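K.L.:
Input: one structure, supplied below.
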Amino acid sequence: MSNEVRKEYSNGEITVIWKPKLCIHAKECVSRLPEVYDPEKRPWIQPENPSAAALKEQIDACPSGALSYKMEGEAAPEAQSMETKVEVLENGPLLVYGTLKVTDAAGATETKNRTTAFCRCGQSQNKPYCDGAHVEADFRG
């Protein structure tokens, strides 16, 4: 089992779940719902104002899977399974959508759901996952 950092922010109807180690700083959250996501505020996620539908739509657009959600009274999305598909982002990570079991070099296994971003540039400090280092490295591929 992973000891991954996980933070939850709730408005009573929907809980936004953020896993910082998965974040590749694509800024989909900030550009789509700046009233919720403000990196200058603490906490930086404030889900009180938008509708649950707006939050779901934005979270579903998160390319790394760093953001997920659960509705009050429903099972967490980690309990769900998705069809697997793979997408190569130009000059960025390899995105794998679906439920995956990932085993690291030390043999530890964890289950990933929704979207997982894998490093293609070789510069990530969180391998095999993307941490956004491709931007500073000016990775092309």
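K.L.:
Going by the structure shown, is Gly132 in contact with a strand residue (DSSP E or B) (Cβ under 6 Å, 6 or more places away or on another chain) and closer than 16 Å to His25 by Cβ?
P.N.:
no
K.L.:
Please find, within region 94-103, the residue that is nearest to Ala26 (Cα to Cα) out of those that are outside any loop (DSSP other than H, G, I, E, B) and in contact with a Ser or Thr (Cβ under 8 Å, 6 or more places away or on another chain).
P.N.:
Leu95
K.L.:
Then there is this: Quick one: count up the residues across region 2-42 that are assigned to a loop (DSSP other than H, G, I, E, B) and closer than 15 Å to Asp60 by Cβ. It would help to see each step written out before you state the result.
P.N.:
So in region 2-42, the residues assigned to a loop (DSSP other than H, G, I, E, B) come out as 2-6, 11-13, 19, 23-27, 33-36, 38-42.
Subset that is closer than 15 Å to Asp60 by Cβ: 26, 33, 36.
Residues flagged as assigned to a loop (DSSP other than H, G, I, E, B) and closer than 15 Å to Asp60 by Cβ within region 2-42 amount to 3.
K.L.:
Among the numbered criteria (1) within 20 Å of Val5 (Cβ to Cβ); (2) β-branched (Val, Ile, Thr); (3) in contact with a Phe, Trp or Tyr (Cβ under 9 Å, 6 or more places away or on another chain), which one does Val96 miss?
P.N.:
(1)
K.L.:
Can I ask one more? Out of all the residues in region 100-116, is one or more small (Gly, Ala, Ser) and under 15 Å from the mean Cα position of the chain (by Cα)?
P.N.:
no
K.L.:
Mind checking whether some residue in region 104-118 is under 19 Å from Trp18 (Cα atoms), at pLDDT below 85 and in a loop (DSSP other than H, G, I, E, B)?
P.N.:
Looking through region 104-118, at least one residue is under 19 Å from Trp18 (Cα atoms), at pLDDT below 85 and in a loop (DSSP other than H, G, I, E, B).
K.L.:
Regarding Asp38, is this residue at pLDDT 90 or above, charged (D, E, K, R) and surrounded by fewer than 17 Cβ atoms within 10 Å (Cβ to Cβ)? Lay out the reasoning, then the answer.
P.N.:
On the way: at pLDDT 90 or above: yes; charged (D, E, K, R): yes; surrounded by fewer than 17 Cβ atoms within 10 Å (Cβ to Cβ): yes.
Taking the combined requirement at face value, the residue satisfies it.
Residue-by-condition table, conditions (1) part of a loop (DSSP other than H, G, I, E, B); (2) hydroxyl-bearing (Ser, Thr, Tyr); (3) surrounded by fewer than 11 Cβ atoms within 10 Å (Cβ to Cβ); (4) in contact with a helix residue (DSSP H, G or I) (Cβ under 8 Å, 6 or more places away or on another chain):
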site	(1), (2), (3), (4)
Ala54	no, no, no, no
Pro63	yes, no, no, yes
Tyr69	no, yes, no, yes
Gly73	yes, no, yes, no
Glu83	yes, no, yes, no
Gly92	yes, no, no, yes
Gly122	yes, no, yes, no
Asp131	yes, no, no, yes
Arg140	yes, no, yes, no
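K.L.:
Which residue, of Trp44, Trp18, is within 21 Å of Tyr97 (Cβ to Cβ) and surrounded by 12 or more Cβ atoms within 10 Å (Cβ to Cβ)?
P.N.:
Exactly one residue qualifies, and that residue is Trp18.
The values are calculated or read from the model by the stated rules, or taken from the named source; none is laboratory data. Treat the numbers as computed from the prediction; the structure is a model and nothing was measured. So basically every Cβ, Gly included, is an ideal-geometry build from the backbone, and we count neighbours across all protein chains shown.
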